[in-house]
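Structure, as C-alpha cells:
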Amino acid sequence: MSFIHGYDPETLREIVDPAECRERLAEIGVQRSLPALLERVWLLKVLGELDEALSIAEQAVRVARMAGTRKDLLRARVLHATVQQFRGAYSAAEHELSTCVEEAEGQGWAGIAAFALQHRGKTRFDAGDSEGARRDFKRVLFLRQEMNAPDDQLEATMAAVEAAELRRSRSAVAS
C-alpha cells in the first residue's frame, strides 16, 4: 500500500494522509529491523516530526553499516539526507546525496542512483537551485526510462522536471 497520494507541484513534497501514516507508525511500533527503521524514518519525516526522524535515521545508518549490505547502507544514507533536507540543512544533504550517487553509479546500481539523484534534485529545488534540480531530474528520468521503471515513477519525475523548469523560468523573468 502506498501512502503517497501525489506530489505538491510547488514544493515537490509527498502528499500523504497523516492519519494513515500515524496508523502505520503504530503498527510498526518499536521494531528494530532495518526495513522497519527506514519506514519509520520516512513516516516521521512526512509527518514533520523531524527530530525523531533524524534520530531514527542515524540509527538506521548504524544498523545498515553493521548488519546490512552496501545497497542497504546507501538507501539508509539517502533517507538520512532527506531528513536533513526537510530540516533545511541543504548543503549537508546535497553532499551526502552526491556521495551516494557516485557510489551507486560506480557500482552500476541504476535504481539506487536514480533514487539518490531524485532526492538530490529535490534538495537543490528546496535550496533554490532550479537549474541543478532540473539537471538531476533529467538524469533520473533517463535512468528510469532505461530501467523500464513503472509509469508512476516516470510521471513523478517528469512532473519534477516541469516544476524545476517553471521555477527556473520564473526566476529568469524576475531577474
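Read-outs: derived from the displayed coordinates by stated rules, not from any lab. In this text the structure is predicted, and so the values were computed from the model without any measurement. Glycine also receives a Cβ, built like all others from the backbone with ideal geometry; neighbour counts cover every protein chain displayed.
A few remarks follow.
- Listed by chain and number, the aspartates and glutamates whose alpha-carbon sits under 13 Å from that of K138, ignoring those within fewer than 8 places in the same chain, are E146, E155, E162, E165.
- Normalising the average separation of contacting C-alpha pairs (under 8 angstrom, six or more residues apart) by the number of residues puts the relative contact order of the chain at 15 percent.
- Taken over segment 1-82, the convex hull of the Cα atoms encloses 96 Å³ per residue.
- For the chain, alpha-carbon Rg and Dmax in angstrom: 15.9, 51
- As computed over segment 80-163, the Cα convex hull volume per residue (Å³): 79 Å³
- Taking 7 Å steps out from each Cα toward its Cβ at D8 and R22 produces label points 1.9 nm apart.
- Relative pair counts by distance (%), Cα atoms of segment 1-48, 10 Å bins: 26, 53, 19, 2
- Once the Kirkwood radius over Cα pairs is known for segment 122-175, the Stokes-Einstein relation at 20 °C and 1.002 mPa s delivers a diffusion coefficient of 189 µm²/s.
- Residues E58 and L154, FRET efficiency given R0 of 35 Å [Cβ-Cβ distance, rounded to 0.05]: 0.60
- Span-like helix criteria (full DSSP H runs; alpha carbon extent of at least 27 Å along the helix axis; mean Kyte-Doolittle hydropathy of at least -1.0) are satisfied in the chain by 151-174.
- Rounded to the nearest 20, the size of the Cβ-charge dipole of the chain about its Cα centre is 460 debye, with Lys and Arg at +1 and Asp and Glu at -1.
- Peptides 57-64, 127-134, 29-36 ordered by average Cβ neighbours within 10 Å, highest first: 57-64, 127-134, 29-36
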